[in-house]
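K.L.:
Okay, handing you the structure first.
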Amino acid sequence: MAGQPDIDAAARLLESGELVAFPTETVYGLGADAENPAAVAKIYAAKGRPSNHPVIVHLAPGADIGRWAMSIPHEAGALIDAFWPGPLTLIMKRASAIPSAVSGGQDTIGLRCPSHPVAQSLLRAFKAGKGGIAAPSANKFGHVSPTTARHVRDEFGDGSDSAVRCILDGGQSEVGIESTILDLSRMDSLGPVLLRPGHVSPEDFARVIGRLPASPDAAAPRASGTLDAHYAPRTPVILAAPDRLPAILQQLNAAGRKVALMRRMLPHSSDVTAQLALPMTPHGYAHDLYAALRAMDLADADIIIVEAPPRDAEWQGINDRLRRAAHDSAGILSTLLKPIV
């Protein structure tokens, strides 16, 4: 676990315009000074991230939200009181003094206050707690998000030639999937809009502000992690309904294909190259999901099959991540079922 001297050194690196990877309760972030466009540009270059895809700004507990956002709706205060520090990002109108680099050129900004103790210590040390750290997940764009410091090193290395000058180790991320993103920038016209599901659920919002959020519309602000294809390992991924899984495994085995299998209940199968059992609960499943995808990506398999989780509301964030991870693998099953010649 990173100590205070490491955290203080990381804060100085951020202040000098360098990149620092740090743990949050959701996933590890790749951080830069949010008020330094040149430093933010380093994030985009290191990740290979499109410059119009916004990043989230992380703030210390008790930060002045009015320095970062304007036209702050009263619902924001209630949600901050209820869920910050924690895995919730709020989208609001960006204050004019904040560079648009963090917003992908939009007039909105995503803000959150992480609960991980290392992240909080870093935010307090950085600019005496008055700065913001722009930080998407610490991985190459579109890949599986990292939930350990080792995952970050696997992505970027940790030598003198790495774009990431420091990696703070905070153990494995507790939540395991990215924050819920709620758009509050159009409260007068649409009310709250859920842009990305996560640990904080629509029902949680309703208990605090008295209404469920709407679904994203065509005019919704662009937000982190909401492209159709995202969170993907290099090995193709498909989701298989539990009742179809045995037949799919049998067909792939007959076609001579190597399969990596992830499911909640894992009877031993001799028909697969690698297999992992994931927890039965949504919180446990989310915690282990990205580490499991990374492990299966190293299994030298032709395909990763994920037994589709339940469709209940508490699994919404997990199903969202798996759907995006499998997006670019559409049609791969029919291709693999052709016999090897």
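The values are calculated or read from the model by the stated rules, or taken from the named source; none is laboratory data. Just so it is clear, the model here is predicted, and its values are computed rather than measured. With ideal geometry, Cβ positions are generated from the backbone for all residues, glycine too; neighbour counts draw on all protein chains shown.
K.L.:
Give me a count of the residues in region 1-35 that are within 14 Å of F126 (Cα to Cα) and in contact (Cβ under 8 Å) with a residue 60 or more places away in the chain. Can you show your working first?
P.N.:
Step one: list which residues in region 1-35 are within 14 Å of F126 (Cα to Cα), which gives 4-22, 31-35.
From what is left, the residues that are in contact (Cβ under 8 Å) with a residue 60 or more places away in the chain are 4, 6-11, 13-15, 18-22, 31-35.
Residues in region 1-35 being within 14 Å of F126 (Cα to Cα) and in contact (Cβ under 8 Å) with a residue 60 or more places away in the chain: 20 in total.
K.L.:
So, R244, is that one assigned by TED's automatic domain parsing to the domain that holds G317, out of contact with any strand residue (DSSP E or B) (no Cβ under 8 Å at 6 or more places or on another chain) and either of a type outside the set (A, V, I, L, M) or over 18 Å from A330 (Cα atoms) (or both) or not? Steps first, please.
P.N.:
Details: assigned by TED's automatic domain parsing to the domain that holds G317: yes; out of contact with any strand residue (DSSP E or B) (no Cβ under 8 Å at 6 or more places or on another chain): yes; either of a type outside the set (A, V, I, L, M) or over 18 Å from A330 (Cα atoms) (or both): yes.
In short, yes.
K.L.:
If you go through region 42-86 one residue at a time, how many are closer than 20 Å to L227 by Cβ and either in contact (Cβ under 8 Å) with a residue 24 or more places away in the chain or small (G, A, S) (or both)?
P.N.:
Restricting attention to region 42-86, the residues satisfying the condition of being closer than 20 Å to L227 by Cβ are 43-57.
From the residues that got through so far, the ones that are either in contact (Cβ under 8 Å) with a residue 24 or more places away in the chain or small (G, A, S) (or both) too are 43, 45-57.
Qualifying residue count, region 42-86: 14.
K.L.:
Still on this structure: State yes or no: is V200 buried (at least 17 other Cβ atoms within 10 Å of the Cβ) and at pLDDT 95 or above? Can you show your working first?
P.N.:
Working: buried (at least 17 other Cβ atoms within 10 Å of the Cβ): yes; at pLDDT 95 or above: yes.
For V200, the condition - buried (at least 17 other Cβ atoms within 10 Å of the Cβ) and at pLDDT 95 or above - is met.
K.L.:
Just to check your reading of the model, which residue among S115, S145 is surrounded by 23 or more Cβ atoms within 10 Å (Cβ to Cβ), in a loop (DSSP other than H, G, I, E, B), at pLDDT 95 or above and not assigned by TED's automatic domain parsing to the domain that holds A286?
P.N.:
On inspection, the qualifying residue turns out to be S145.
K.L.:
Can I ask one more? Do you know which residues across region 206-228 are modelled with pLDDT of 90 or more and among the aliphatic types (A, V, I, L, M)?
P.N.:
Residues satisfying the conditions are A206, V208, I209, L212, A214, A218, A219, A220, A223.
K.L.:
Determine whether I181 is in a strand (DSSP E or B) and modelled with pLDDT of 95 or more.
P.N.:
When the stated conditions are applied, I181 passes them.
K.L.:
Name the residue that is surrounded by the fewest Cβ atoms within 10 Å (Cβ to Cβ), counting only residues in region 7-26 that are touching a Ser or Thr at 6+ places or on another chain (Cβ under 8 Å) and not in a helix (DSSP H, G or I). Quick ask: steps written out before the conclusion?
P.N.:
So the first thing to find is which residues in region 7-26 are touching a Ser or Thr at 6+ places or on another chain (Cβ under 8 Å), and the list is 7, 23-26.
Filter again for not in a helix (DSSP H, G or I), leaving 23-26.
On the way: P23: 30, T24: 31, E25: 19, T26: 30.
Of everything passing the filter in region 7-26, E25 is surrounded by the fewest Cβ atoms within 10 Å (Cβ to Cβ).
K.L.:
Looking at (1) within 30 Å of K338 (Cβ to Cβ); (2) not in a helix (DSSP H, G or I), which is the only condition A218 fails?
P.N.:
All conditions pass for A218, except number (1).
K.L.:
Considering only region 155-171, state which residues are in contact (Cβ under 8 Å) with a residue 24 or more places away in the chain and surrounded by fewer than 17 Cβ atoms within 10 Å (Cβ to Cβ).
P.N.:
From region 155-171, those in contact (Cβ under 8 Å) with a residue 24 or more places away in the chain are 156, 163-171; that's our starting set.
Passing the criteria: A163, G171.
K.L.:
Suppose we keep only residues that are outside any strand (DSSP E or B) and out of contact with any helix residue (DSSP H, G or I) (no Cβ under 9 Å at 6 or more places or on another chain) within region 75-112. Which one would you say is surrounded by the most Cβ atoms within 10 Å (Cβ to Cβ)?
P.N.:
In the first step, residues of region 75-112 are kept if they are outside any strand (DSSP E or B); the result is 75-87, 95-107.
Remaining after also requiring out of contact with any helix residue (DSSP H, G or I) (no Cβ under 9 Å at 6 or more places or on another chain): 84, 86-87, 96, 103-105.
On the way: W84: 20, G86: 18, P87: 25, S96: 8, S103: 22, G104: 19, G105: 11.
The selected residue is P87.
K.L.:
Here's something else I'd like to know. Only one of (1) in the same structural domain as H143 (by TED's automatic domain parsing); (2) part of a loop (DSSP other than H, G, I, E, B); (3) not aliphatic (A, V, I, L, M) fails for P279. Which number is that?
P.N.:
The single condition P279 does not satisfy is (1).
K.L.:
Determine whether region 118-130 contains at least one residue that is outside any strand (DSSP E or B), within 19 Å of the chain's Cα centre (by Cα) and over 24 Å from R12 (Cβ atoms).
P.N.:
Checked region 118-130: no residue is outside any strand (DSSP E or B), within 19 Å of the chain's Cα centre (by Cα) and over 24 Å from R12 (Cβ atoms).
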